[in-house]
Amino acid sequence: MLFEVPWEGWTTGLAHEDWRYIEIRRRTKSPALYWVASLVSLHLTPTLLVFAAALALRLMEAVVCGATNLDIAGVDVIAKSPFDTDAGDVMAAHGIILGTTENLGYMSGALKDFFDRCYYPLLDNTQGLPYALYIRAGLDGTGATRGVESITTGLKWKIVQEPLLCHGKYKPCFLDNCRELGSVMAAGLEAGLF
């Protein structure tokens with residue numbers, strides 16, 4: 001044999017296909033258009049993954065609003081629940097914004113569940129992933145911040161902004177701050193800064 005196949009998947013393909021490719025294949029009728037569409041939308045456009053616990057959904061909506069503003073056109077934004085997010089979603093993303101509430105001085109159970117399920121699959125596959133964090137805290141947010149940072153440090157993710165702490169009684173400025181967080185993160189990805 002003149003050419004030795006380096007691994008079985010080289011000729012047979014992987015056992016699964018990224019969900020974004022499946023959606024593009026479904027929408028395009030021509031195989032030639034599929035390859036062009038997948039190259040442009042998946043390989044040339046950064047993806048920002050945003051997720052948050054249920055009690056922080058209004059803040060997540062503000063983050064997504066900021067990340068999808070009209071001045072930023074070159075970033076795909078995907079918003080999901082931590083329960084619906086898996087390691088494949090994170091590995092497909094170019095950046096991530098984590099949102100959580102502070103529960104008993106720690107991160108939400110939803111975010112903890114995500115890390116429990118996905119930590120080891122992500123460990124060697126997402127080093128250097130840029131991320132930002134926002135916390136809706138009743139106290140000062142230090143316990144939740146420390147909990148998330150200890151896990152993301154183990155994953156070797158790169159924090160690109162100081163954690164946004166929305167603490168105390170609800171204030172309308174929390175939404176403005178979250179919109180700005182989303183906007184800055186998406187603009188940084190679009191510009192190739194992260």
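The values are calculated or read from the model by the stated rules, or taken from the named source; none is laboratory data. Only a predicted model underlies this, so the values are computations on that prediction, with no experimental measurement involved. Because the Cβ atoms are built from the backbone with ideal geometry, glycine has one as well, and the counts that use them run over all protein chains shown. Heads up: the accessible areas ignore ligands, DNA and RNA and are worked out on the full protein's heavy atoms, side chains in. Shrake-Rupley method; radii C 1.70, N 1.55, O 1.52, S 1.80 Å.
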Of those in segment 100-110 that are of a type outside the set (Gly, Ala, Ser) and not in a strand (DSSP E or B), the residue surrounded by the fewest Cβ atoms within 10 Å (Cβ to Cβ) is 104
Given the structure, is residue 60 assigned to a helix (DSSP H, G or I), of a type in the set (A, V, I, L, M, F, W, C), modelled with pLDDT under 95 and surrounded by 17 or more Cβ atoms within 10 Å (Cβ to Cβ)? yes
Can you tell me which residue in segment 63-74 is least open to solvent (accessible area, probe 1.4 Å), limited to those that are in contact with a strand residue (DSSP E or B) (Cβ under 6 Å, 6 or more places away or on another chain) and closer than 12 Å to residue 47 by Cα? 67
Contact list, first residue from segment 159-175 and more than 18 Å from residue 186 (Cα to Cα), second anywhere and in a strand (DSSP E or B) and aliphatic (A, V, I, L, M), beta-carbon distance below 7 Å, six or more apart or interchain, is 165/135; 165/137; 166/135; 166/137; 167/137
The conditions are (1) in contact with a Lys or Arg (Cβ under 7 Å, 6 or more places away or on another chain); (2) open to solvent by less than 20 Å² (accessible area, probe 1.4 Å); (3) part of a loop (DSSP other than H, G, I, E, B), and residue 126 fails exactly one of them. Which is it? (1)
Filter pass, residue 159 being of a type in the set (Val, Ile, Thr), open to solvent by 60 Å² or more (accessible area, probe 1.4 Å) and at pLDDT 95 or above: yes
Tell me, please, whether a residue that is part of a helix (DSSP H, G or I), at pLDDT below 95 and open to solvent by 20 Å² or more (accessible area, probe 1.4 Å) can be found in segment 75-86. yes
Could we say that residue 182 is modelled with pLDDT under 95, assigned to a helix (DSSP H, G or I) and open to solvent by less than 30 Å² (accessible area, probe 1.4 Å) here? no
When you go through 140, 113 one by one, which is the residue that is in a helix (DSSP H, G or I) and more than 11 Å from the chain's Cα centre (by Cα)? 113
